[in-house]
Structure formats: C-alpha cells, structure tokens
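The values are calculated or read from the model by the stated rules, or taken from the named source; none is laboratory data. Quick caveat, the model's predicted, so the values are computed rather than measured. Here the Cβ is made from the backbone with ideal geometry for all residues, glycine too, and neighbour counts use every protein chain on show.
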Amino acid sequence: MTKDLLGDLAAKRTKVLAAGGEKRIAKQHQKGKLTARERIQKMLDENSFVELNMHVRHRCNEFGMTDVETPGEGVVTGYGTIDGRLVYVFAQDFTVMGGSLGEMHAKKITHVMDLHFAQRSAHDGEILSKDIY
C-alpha cells in the first residue's frame, strides 16, 4: 500500500512539473519567454528552491471546470535564496490556463506572502520577490 501511495504521489508530481504540457511550454519558449519554474530557477541561488503547495487543486464546479486539471493551480510558490538571503517567491505559470487567477491560485500566493511577513517580523529587512522575465 505504501508503494502504491508513493507511486501515486510521484505521478502527481510529474504531472505538476509538466505544467501545461510540452506544446504550451514550447509556445512560451517560441515567444522568448521562460516558464514559471525556469524564471524562479534563474533568479534564485542554485538548488535553493523549495516549492510549496505543489499539489493544491481548484474546487470550482462552475463554468465547466469540474473536469479541468490545472497543474499547480497555475502558480509556482516557494522559497529559496538569492546571494544567500532567504526570499519567498511566486511566479504565475502561463502554460496553465494562461496563468489565470483563481481562488486556490490566490491562496497559494497569499500563503507565501504570509510566510514572508512572518519571517520578516523575525528578521527585519528581508525582501519579497515576484516574477522576473
């Protein structure tokens, strides 16, 4: 049973990391744009990014959204370091529903902002980082 659960989790992770899929990622690259994860990786110190709430899913039942999958809810959130300083980041993923803002998408962003402000109160002077292009 544990192996099944770990296998399911690995499959879900792979799906989220694939974001909107190869075609949409290629379209971003053709426009000279990076994906959300690529932007974050480029901004942060190497191997410092820790993604948060990767498996969050929308709960919208209207507008035909019941069967629509939105990997990562169209936003990548987490923390890492820039020049060794802790920062909290989010990047909207335009390969997933054009990066459209929904309830859970917004909750992921506000969660990482809340973490930033809680950390900031403990360590004054930290910065909140957002999308880079």
Residue 63 fails exactly one of the following numbered conditions: (1) farther than 22 Å from residue 117 by Cα; (2) of a type in the set (Phe, Trp, Tyr); (3) modelled with pLDDT of 90 or more. What is the number of that condition? (3)
Within the stretch 22-51, residues buried (at least 17 other Cβ atoms within 10 Å of the Cβ), of a type in the set (A, V, I, L, M, F, W, C) and closer than 15 Å to residue 112 by Cβ come out as 36, 40, 43, 44, 49
Residue in the stretch 13-42 that is modelled with the lowest pLDDT, counting only those that are in a helix (DSSP H, G or I) and over 16 Å from residue 75 (Cα atoms): 22
In the stretch 96-129, the residues that are farther than 30 Å from residue 23 by Cα, modelled with pLDDT under 80 and not in a loop (DSSP other than H, G, I, E, B): 119, 120, 121, 122, 128
Would it be correct to say that residue 54 is outside any strand (DSSP E or B), surrounded by 12 or more Cβ atoms within 10 Å (Cβ to Cβ) and at pLDDT below 65? no
Flag for residue 7 being out of contact with any Ser or Thr (no Cβ under 8 Å at 6 or more places or on another chain), among the small types (Gly, Ala, Ser), assigned to a helix (DSSP H, G or I) and modelled with pLDDT of 70 or more: yes
